[in-house]
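Colleague: Here it is: the structure, laid out below.
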Amino acid sequence: MSFDRDQGYPAQPERRQLLRAAATLGALPLAGALGDADAAALAFAPAAFDVHDDRALIWLSANQVSRLHVRWGTKPDALDQRSAEVELNATMDYTGHVALTGLPRGATVYYRAFAGDSAVSETGRFNSARKAGQNLTIAFSGDMEEKYKPFRLFDVMAAAAPDYFVHLGDTVYADIPKREFSPTLAHYRRKHSRIRADRPLQAFLAQCATSAIWDDHEIENDAHGGLPQLAVAEQVFREYWPCATAQRTGLYRALSLAPEVDLIIVDTRRFRSVQAMIDGPEKTMLGSEQKAWFLDALKRSRAKWKIVATSVPFHGGSQDAWGNYKTERDEVVDFIKRERLTGVVMISADYHFARDWSSKRTGIHEFMAGPIATFRTFDKQPEARERHSKGPHFVFGDDFNFGMLRYDAASGKLTVSYQDSGGKTLFETVLV
């Protein structure tokens, strides 16, 4: 979305000032037994990412050169497993991650960061991939802008107790305000670190595993694959939102969250053609390599429900959405029909309102959520409310919001619902 949101931004502090403040204000409170010297090693609370089969990534961030490892277990007072050690230094903006492997399915995993034998964080937790017979709940939303901190919607999400969270992009508005935007390593790092300093965000990430995909504002408005800063923007995104990706370039990947639920995340920015290109076989949203991977991932999935995370709406018709890449979108639809694939459910964000885009024509369910914390489109564009409200489908744009997918293992059904910033259920439907 392209609106001028240049007003009302606070002055940006230097990184060291920011990290000092985050360690005391933005992060989760450290255990009372920790001394100041131990606590000083961490800048932000650790967080779990990309849970998959028997593994997960634990993100760590320091405000000085540190060598850290993570101890974990299935009881908070028995962290008897240990990760490899990672050095956090200026090369990666004092961030890094470790892999936890050999995780038991269907468990709550507790973890804590250590420097040597000294604990330097509180104990976090996440749910590992579910096993047969277990239910699974996934929360999803996108779009959060710095000047809207604190991001209180994460407190509401935490109360809903999802097993997993999918952030659908615009994790940061690096290009806002325009007068300060510079597509450089230092700028992207500063913007991401200011977002991560948000207290509700850190508290939520410390108790719920997350997968995140970028959209345009991690790069710049309406980003496409021809921009020169893509590599540096992707580097910083990976520094703050670690990803177990299929390839070294691009953020696409597939994760098995339960025997009957796969999560397939596509990257709609890194390889896309410029929006102004005339539509046709050469115009692409995914690029040839990712598209082949995506179609193969859909075909190979044996899960009943194949959740596809796309930062921009699949059924949306705007210049930046899949509707402006109609030839490739039709190719995806034709493939799903030709292969007789069922249970494909798209989740998306970007438009700054919630909507059920499910289509009888394509045979694909799609549910769009958001924003988490930024302007609401219907406030700025009343005509958009009128246009998107035509028809019997669900649409909501009067508050921050998130979606929930609840898989019931006993029935095999998937319940889709939405909540607003007060925790009120706005809509619910059951897919079978």
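The values are calculated or read from the model by the stated rules, or taken from the named source; none is laboratory data. Remember, it's a predicted structure, so these values are computed and weren't measured experimentally. Using ideal geometry, Cβ is built from the backbone for each residue, glycine included, and neighbour counts are taken over all protein chains shown.
Colleague: Applying the selection to the stretch 86-121, what residues are of a type outside the set (A, V, I, L, M, F, W, C) and surrounded by 19 or more Cβ atoms within 10 Å (Cβ to Cβ)?
Modeller: Listed by number, the residues that qualify are Asp93, Tyr94, Thr95, Gly96, His97, Tyr111, Arg112, Ser121.
Colleague: Further question: Taking the residues in the stretch 240-254 that are buried (at least 21 other Cβ atoms within 10 Å of the Cβ) and not hydroxyl-bearing (Ser, Thr, Tyr) as candidates, determine which candidate is nearest to Glu289 (Cα to Cα).
Modeller: Among those that are buried (at least 21 other Cβ atoms within 10 Å of the Cβ) and not hydroxyl-bearing (Ser, Thr, Tyr), it is Gly250.
Colleague: Now for a different question. When the stretch 380-432 is examined, which residues are found to be assigned to a loop (DSSP other than H, G, I, E, B), of a type in the set (A, V, I, L, M, F, W, C) and farther than 21 Å from Leu263 by Cα?
Modeller: Phe394, Phe400 - these are the residues of the stretch 380-432 that are assigned to a loop (DSSP other than H, G, I, E, B), of a type in the set (A, V, I, L, M, F, W, C) and farther than 21 Å from Leu263 by Cα.
Colleague: Still on this structure: Inside the stretch 267-290, can you point out the residues that are within 17 Å of Glu234 (Cα to Cα) and among the basic types (Lys, Arg)?
Modeller: Across the stretch 267-290, the qualifying residues are Arg269, Arg270, Arg272.
Colleague: Follow-up. Please determine whether any residue of the stretch 237-257 is farther than 30 Å from Lys299 by Cβ, modelled with pLDDT of 95 or more and in the same structural domain as Asp143 (by TED's automatic domain parsing).
Modeller: Scanning the stretch 237-257 turns up at least one residue that is farther than 30 Å from Lys299 by Cβ, modelled with pLDDT of 95 or more and in the same structural domain as Asp143 (by TED's automatic domain parsing).
Colleague: Would you be able to say whether some residue in the stretch 266-282 is surrounded by 23 or more Cβ atoms within 10 Å (Cβ to Cβ) and either in contact with a strand residue (DSSP E or B) (Cβ under 8 Å, 6 or more places away or on another chain) or modelled with pLDDT under 95 (or both)?
Modeller: Scanning the stretch 266-282, I find at least one residue that is surrounded by 23 or more Cβ atoms within 10 Å (Cβ to Cβ) and either in contact with a strand residue (DSSP E or B) (Cβ under 8 Å, 6 or more places away or on another chain) or modelled with pLDDT under 95 (or both), so the answer is yes.
Colleague: So Ser318 clears everything in (1) surrounded by fewer than 19 Cβ atoms within 10 Å (Cβ to Cβ); (2) under 24 Å from Leu431 (Cα atoms); (3) of a type in the set (S, T, N, Q); (4) within 23 Å of the chain's Cα centre (by Cα) except one condition, right? Which one?
Modeller: (2)
Colleague: Checking the structure you have, find out if any residue of the stretch 177-188 is surrounded by 24 or more Cβ atoms within 10 Å (Cβ to Cβ) and in contact (Cβ under 8 Å) with a residue 12 or more places away in the chain.
Modeller: yes
Colleague: Please tell me if Arg355 is modelled with pLDDT of 95 or more, assigned to a helix (DSSP H, G or I) and either touching a helix residue (DSSP H, G or I) at 6+ places or on another chain (Cβ under 7 Å) or not assigned by TED's automatic domain parsing to the domain that holds Phe402 (or both).
Modeller: In short, no.
Colleague: Sticking with this one: Out of Met404, Met368, Met346, I need the residue that is among the hydrophobic types (A, V, I, L, M, F, W, C), free of Cβ contacts under 8 Å to residues at least 40 places away in the same chain and within 19 Å of Ala309 (Cα to Cα). Which one?
Modeller: Met346
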